[in-house]
Amino acid sequence: MGTLNWQKSSFSGEGDGNNCLELASSAPAALHLRESDTPTTSLITSASPLGDLLRAIREGVL
């Protein structure tokens, strides 16, 4: 898989604190999510399920 280029959520605020969500992508279409305070543990998904999750959160379903 190689080295992932992790990007911190814009909602996490400034600085390098350990209180943020990070996202990376890898081929062919995998998205990796992790919390900065546990960088060795990540969730791997794709765009459609992640979009469904975010939509449910915004709508207050979850």
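Take the conditions open to solvent by less than 70 Å² (accessible area, probe 1.4 Å), at pLDDT below 90 and of a type in the set (S, T, N, Q) and apply them to Ser26. Does it pass?
Working: open to solvent by less than 70 Å² (accessible area, probe 1.4 Å): yes; at pLDDT below 90: no; of a type in the set (S, T, N, Q): yes.
Spelling it out, it is not the case that Ser26 is open to solvent by less than 70 Å² (accessible area, probe 1.4 Å), at pLDDT below 90 and of a type in the set (S, T, N, Q).
Residues in the stretch 3-23 that are modelled with pLDDT of 70 or more and open to solvent by 50 Å² or more (accessible area, probe 1.4 Å): Thr3, Asn5, Trp6, Gln7, Lys8, Ser10, Asn19, Leu21, Leu23.
Of the residues making up the stretch 29-50, those that are open to solvent by less than 80 Å² (accessible area, probe 1.4 Å), outside any strand (DSSP E or B) and closer than 20 Å to Lys8 by Cβ are Ser36, Thr38, Pro39, Ser42, Ala47, Leu50.
The values are calculated or read from the model by the stated rules, or taken from the named source; none is laboratory data. The structure displayed is predicted, hence computed values, not measured ones. All Cβ positions, glycine included, derive from the backbone under ideal geometry; neighbour counts span all protein chains shown. Keep in mind that these areas ignore ligands, DNA and RNA; they rest on the heavy atoms of the full protein, side chains included. Shrake-Rupley method; radii C 1.70, N 1.55, O 1.52, S 1.80 Å.
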